[in-house]
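> This is the structure I want to talk about, given as structure tokens.
The values are calculated or read from the model by the stated rules, or taken from the named source; none is laboratory data. Keep in mind that what you see is a predicted model, and the values were worked out from it rather than measured. Neighbour counts are summed over all protein chains in view; Cβ atoms, including those assigned to glycine, are modelled from backbone coordinates with ideal geometry. Ligands, DNA and RNA are excluded from the accessible area calculation, which covers all protein heavy atoms including side chains. Shrake-Rupley method; radii C 1.70, N 1.55, O 1.52, S 1.80 Å.
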Amino acid sequence: MATLLFSGGTVVTADGSYRADVRVADGRIDSISTGEIGAGGAPADERVDCTGKLLLPGGVDVHTHLDSRMMGTVTADDFGTGTRAAACGGTTTIVDFALQVAGERLGDTVTRYHERADGRAAVDYGFHIAVTDLYDGALNDLPGIVDGGVTSVKVFMAYRGSLMVDDGELFDILRTSGRLGARVCVHAENGDVIDRMAADLVAQGKVGPKYHELSRPAATEVEAVHRAIRISRMADAPIYFVHLSTADSAAAVAAARAEEWPVSAETCTHYLTLGPELYDGPGFEAAKYVLTPPLRERAHRDALWKNLRTGGLGVVSSDHCPFCFSEQKELGRDDFRKIPNGGPGVEHRMSVVYGLGVHEGKLGIERFVDVTATTPAKSFGLFPRKGTIMVGGDADLVVLDPAGSTTISARTQNQNVDYALWEGHTVPGRIERVYSRGELVAKDGAFVGRAGHGRFQARATV
Ligand SMILES: [Zn+2]
């Protein structure tokens, strides 16, 4: 395998930025030289000129739903297209949700996802096991799952009758997972209250997509976050909240962390950058933004940025859960409750958070690397192989031109979906080259890697 020398760029990690040459051999970072440019010790077969560019660790996106059956349809990206899109957007590792279907043993769920990803994925991947049916003996199956490198468990506090676990089951899963060193990821919304609010709206004839937002007010998330924190205390187990969207939820997590409780959380690209005015779009357009939780007002977005800066929130994920507008979102034309919940974003997370975060002064460049790569890798047992630039780590690298720009459009994206959440936005910064274990996988937004390059990442317990 060719050796590479990334020369003349600014290396950025969560701890600092510095001029250095980075040498790559056998897919790993072999040396980092802060001396004279080009003096990086042993010669290399190929030199990548990074003058004026930032050299970042490849993104780690710990929240994607590829080839996933939900709400009467299946997400539009499989492990082939979804990981190609990830690569093009500077993300070199994903952790996807292996979603149990009712009646399925957890081991069979994981096997099924291995079969879907193996030979198709273009970048490295891992799985969380998403438990939706706590059958007799399910807890006894968890140690085997964890031994197989699937060291995190997802549960839903919403969607009764399909995905939701009750508080007792949440407690059981937390207790068992905590003992195993597996992190429990919680979708925190009060599903029962939401179901009643949604039913009331529909009974009043309010069936359009904008009512999705009204059926899931901020308090439904905040209540569930507080409750889950308390349950995790009773279970004496760490807890991680996925896709937090509100100021009060972030504050609850920050308060728990201030008590040194093992509580951590992510928000998503869209909660930082898009607002609920999108629900006022014409016709059925708003269905594109039927995400769960819904988009929130500016005060929430400001609070999420602030918590990313101060450490209340540690991770930005995409929650890439793509459904095409045509035929898929349209399943809910007559009832917003039937619109598949989710949107595309794995390709645009790095660009949007860089362009609208770092460039706008909301996030320092080191903190950008931290929330998009380092802390996700640390939180899910991938660090230091992933998530940073250090000798011995995988050569997952992104060359970003801060003077360039990126225009987002469904016409040019690699995601297999017919719209983009940031359609028409031009953001500062351009991801020029993306490397996965030393192989060039994307160049100027175009995929140049190969299906099957991506490897399953058995993750450590935490
Ligand atoms: Zn999700």
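> Are there any helices (runs of 4 or more DSSP H) wholly within segment 217-290 with 1 or more residues that are at pLDDT 95 or above, away from the ligand (no atom under 16 Å from the Cβ) and among the polar types (S, T, N, Q), and if so which?
Working: elements: 218-235, 247-258, 269-273.
Ranges flagged: 218-235, 269-273.
> Among the residues of segment 162-177, is any over 26 Å from residue 143 (Cβ atoms) and small (Gly, Ala, Ser)? Walk me through it before giving the result.
As a first pass, look at segment 162-177 and keep what is over 26 Å from residue 143 (Cβ atoms): 162.
Keeping just the survivors that are small (Gly, Ala, Ser) gives 162.
There is at least one residue in segment 162-177 that is over 26 Å from residue 143 (Cβ atoms) and small (Gly, Ala, Ser).
> Further, regarding this structure: Can you pull out every residue in segment 105-118 that is more than 20 Å from the chain's Cα centre (by Cα) and in a helix (DSSP H, G or I)?
Within segment 105-118, 106, 107, 108, 109, 111, 112, 115 meet the criteria.
> Would you say residue 97 is of a type in the set (Phe, Trp, Tyr), assigned to a strand (DSSP E or B) and within 16 Å of the ligand (Cβ to nearest atom)? Before you say what the answer is, go through the steps one by one.
Details: of a type in the set (Phe, Trp, Tyr): yes; assigned to a strand (DSSP E or B): yes; within 16 Å of the ligand (Cβ to nearest atom): yes.
Considered against the rule, which asks whether it is of a type in the set (Phe, Trp, Tyr), assigned to a strand (DSSP E or B) and within 16 Å of the ligand (Cβ to nearest atom), residue 97 comes out as yes.
> Continuing with the same structure: Can you tell me which residues in segment 291-302 are under 19 Å from the mean Cα position of the chain (by Cα) and in a loop (DSSP other than H, G, I, E, B)? Show your work before the answer.
First pass over segment 291-302, keeping only residues under 19 Å from the mean Cα position of the chain (by Cα): 291-296, 301.
Listed by number, the residues that qualify are 291, 292, 293, 294, 295, 296.
> Please specify each residue of segment 292-312 satisfying the condition of being within 16 Å of the ligand (Cβ to nearest atom) and within 22 Å of residue 363 (Cβ to Cβ). Step through it out loud before you land on a result.
Our first condition is that a residue be within 16 Å of the ligand (Cβ to nearest atom); within segment 292-312, this holds for 292-295.
The answer is 293, 295.
> Considering only residues of segment 146-176 that are more than 16 Å from the ligand (Cβ to nearest atom) and under 21 Å from the mean Cα position of the chain (by Cα), which is surrounded by the fewest Cβ atoms within 10 Å (Cβ to Cβ)?
Filtering segment 146-176 down to residues more than 16 Å from the ligand (Cβ to nearest atom) leaves 146-151, 160-161, 166-176.
When the remaining residues are screened for being under 21 Å from the mean Cα position of the chain (by Cα), the result is 146, 149-151.
Details: 146: 20, 149: 16, 150: 26, 151: 26.
Selected residue: 149.
> Just to be sure before I move on: is residue 76 closer than 30 Å to residue 163 by Cβ, within 16 Å of the ligand (Cβ to nearest atom) and either hydrophobic (A, V, I, L, M, F, W, C) or surrounded by fewer than 23 Cβ atoms within 10 Å (Cβ to Cβ) (or both) in the structure I sent?
Numbers: closer than 30 Å to residue 163 by Cβ: yes; within 16 Å of the ligand (Cβ to nearest atom): yes; either hydrophobic (A, V, I, L, M, F, W, C) or surrounded by fewer than 23 Cβ atoms within 10 Å (Cβ to Cβ) (or both): yes.
It is true that residue 76 is closer than 30 Å to residue 163 by Cβ, within 16 Å of the ligand (Cβ to nearest atom) and either hydrophobic (A, V, I, L, M, F, W, C) or surrounded by fewer than 23 Cβ atoms within 10 Å (Cβ to Cβ) (or both).
> Using beta carbons and a limit of 6 Å, which pairs, at least six apart or on different chains, have the first residue in segment 138-159 and closer than 11 Å to residue 458 by Cα and the second one among the basic types (Lys, Arg) and part of a loop (DSSP other than H, G, I, E, B)?
149/459; 151/459
> Further, regarding this structure: Could you grab me the full set of residues in segment 33-54 that are surrounded by 15 or more Cβ atoms within 10 Å (Cβ to Cβ), modelled with pLDDT of 95 or more and not charged (D, E, K, R)?
48, 50, 54 - these are the residues of segment 33-54 that are surrounded by 15 or more Cβ atoms within 10 Å (Cβ to Cβ), modelled with pLDDT of 95 or more and not charged (D, E, K, R).
> Let me ask something else about it. Would segment 426-433 turn up any residue that is of a type in the set (S, T, N, Q), in a strand (DSSP E or B) and modelled with pLDDT of 95 or more?
Step one: list which residues in segment 426-433 are of a type in the set (S, T, N, Q), which gives 426.
Now restrict to residues that are in a strand (DSSP E or B): 426.
So of that shortlist, the ones also modelled with pLDDT of 95 or more come out as 426.
Yes, that holds for at least one residue.
> Any residue in segment 79-90 that is over 21 Å from residue 383 (Cα atoms), of a type outside the set (Val, Ile, Thr) and open to solvent by 40 Å² or more (accessible area, probe 1.4 Å)?
Within segment 79-90, one or more residues are over 21 Å from residue 383 (Cα atoms), of a type outside the set (Val, Ile, Thr) and open to solvent by 40 Å² or more (accessible area, probe 1.4 Å).
> Are any residues in segment 256-281 within 17 Å of the chain's Cα centre (by Cα) and not acidic (Asp, Glu), and if so, which ones? Steps first, answer last, please.
Going through segment 256-281, the residues within 17 Å of the chain's Cα centre (by Cα) turn out to be 264-274.
Within segment 256-281, 264, 265, 267, 268, 269, 270, 271, 272, 273, 274 meet the criteria.
> Also, I was wondering about something else. Residue 221 fails exactly one of the following numbered conditions: (1) closer than 30 Å to residue 175 by Cβ; (2) surrounded by fewer than 20 Cβ atoms within 10 Å (Cβ to Cβ). What is the number of that condition?
The number of the failed condition is (2).
> Looking at segment 91-108, which of its residues are of a type in the set (Gly, Ala, Ser) and either open to solvent by 20 Å² or more (accessible area, probe 1.4 Å) or under 16 Å from residue 435 (Cβ atoms) (or both)? Break it down into steps so the answer makes sense when it comes.
Filtering segment 91-108 down to residues of a type in the set (Gly, Ala, Ser) leaves 98, 102-103, 107.
Listed by number, the residues that qualify are 102, 103, 107.
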